[in-house]
Amino acid sequence: MIRGTAEAFEVYLDIRHRLPSAEFSGTPVRAQTLADVADPYDVILLDAYGVLNVGEAPIPGAAERIAALRMAGKTVMVVSNSAGYPKRLMVERYARLGFDFAPEEVVTSRDTLLAYLADAPPRHWGLMLSDTYGTEEFDSIRTTFLKDDADAYDAVEGVLLIGSDGWTEDRQRLLEDALVKRPRPVVVGNPDIVAPRELTLSLEPGYYAHRLADLGLGSLDFLGKPFASIYDIALSRLPVRPPPSRVLMVGDTLHTDILGGRHMGFGTALVTGFGSLVGINEGDAITRSGIVPNIIVDQI
């Protein structure tokens, strides 16, 4: 169990060797909001949790800042590792929180997973995913929700780690036992370790995936930030793909948003007022991780 942001940061340090490489240089520029530093960029990619919202609460001023960026001629998109919900619900959720993103402006690691599955050989997939919304968007593949029946874990031919709502230590042990008996592909639809909620942190699929990797279980493919495919999908939706130097990735997490952005050659902006670095000295975190943003802002 991870009890706070400092402990989550230590976990990210431990799994750094499984994440993409990137080059960093210079000292971050500090600003209060993106209004002071957005001029060199044409496309602004925004993380969701810790940047636009914390749990079910919008971050004050975020919707207004996005409107101002659009008025300044910027293309604004959400790039999120929130894979556990169908796209229509994500768009509805943002509207409920006061944002006006069109479906094509919201790119999640679920999109990346669906693209992966479209090209993958047919398999019977076991799902780490709440069955609240059924198999919406996954109805073209053979699936079984992994719950508390050990036989289900043994029967599937691969595992998709999509959303961790309802996942338990007992289910994790069933998965580990099944992979010990018969190794199979494991595809991680959300590489995040944790996500900020109103009062706590939730454990995300990446947390459980790295536990499998630590045990040498499964052949793991990670999709979503900080890996390249989610950014490629986002930029493919633009009429013309911009040079990397004209793209700014904005997020609250060094090991996903900033590392992923720099891996792609983008500019990066670290948001420190909310999310993963609350309660942590960001200068110390940058030094220890070696992940250096171009910009540091309190909020977008």
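The values are calculated or read from the model by the stated rules, or taken from the named source; none is laboratory data. Source: prediction; values computed, not measured. Backbone-built Cβ (ideal geometry, glycine too); neighbour counts: all protein chains shown.
Here are some conditions: (1) of a type outside the set (D, E, K, R); (2) surrounded by 12 or more Cβ atoms within 10 Å (Cβ to Cβ); (3) out of contact with any strand residue (DSSP E or B) (no Cβ under 8 Å at 6 or more places or on another chain). Phe145 meets all but one. Which one does it not meet?
(3)
Yes or no: Ala95 free of Cβ contacts under 8 Å to residues at least 40 places away in the same chain and part of a helix (DSSP H, G or I)?
Against the criterion (free of Cβ contacts under 8 Å to residues at least 40 places away in the same chain and part of a helix (DSSP H, G or I)), Ala95 qualifies.
Confirm whether Val194 is over 24 Å from Ala118 (Cβ atoms) and exposed (fewer than 14 other Cβ atoms within 10 Å of the Cβ).
no
Here are Thr27, Thr75, Thr112: which of them is under 24 Å from Arg246 (Cα atoms), buried (at least 16 other Cβ atoms within 10 Å of the Cβ) and out of contact with any strand residue (DSSP E or B) (no Cβ under 7 Å at 6 or more places or on another chain)?
Every option except Thr112 fails the conditions.
To keep it simple, each residue is scored yes or no on (1) of a type in the set (Asp, Glu); (2) in a loop (DSSP other than H, G, I, E, B); (3) at pLDDT 95 or above.
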| site | (1), (2), (3) |
| --- | --- |
| Glu7 | yes, no, no |
| Glu10 | yes, no, no |
| Ser21 | no, yes, yes |
| Gly26 | no, yes, no |
| Pro40 | no, yes, yes |
| Leu45 | no, no, yes |
| Val51 | no, yes, no |
| Pro60 | no, yes, no |
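What tally of residues in region 171-223 results from selecting those that are closer than 23 Å to His124 by Cβ, under 11 Å from the mean Cα position of the chain (by Cα) and either not polar (S, T, N, Q) or not in a loop (DSSP other than H, G, I, E, B) (or both)?
Here the count works out to 5.
Please state which one of Ala62, Ala102 is closer than 27 Å to Pro244 by Cα and surrounded by fewer than 14 Cβ atoms within 10 Å (Cβ to Cβ).
The match here is Ala102.
I'd like to verify a number: residues in region 272-299 that are more than 19 Å from Gly26 (Cβ to Cβ), aliphatic (A, V, I, L, M) and crowded, with 22+ Cβ neighbours inside 10 Å, how many?
Selection size over region 272-299: 1.
In region 168-185, is there at least one residue being touching a residue at least 40 places away in the same chain (Cβ under 8 Å) and of a type in the set (Val, Ile, Thr)?
The answer is no; no qualifying residue exists.
Give the residue, chosen from Leu89, Leu114, that is in a helix (DSSP H, G or I) and under 16 Å from the mean Cα position of the chain (by Cα).
Going through Leu89, Leu114 in turn, just one is in a helix (DSSP H, G or I) and under 16 Å from the mean Cα position of the chain (by Cα): Leu114.
Quickly run through region 138-166 and pick out the residues that are closer than 16 Å to Ala83 by Cα, in a loop (DSSP other than H, G, I, E, B) and among the β-branched types (Val, Ile, Thr).
Ile162
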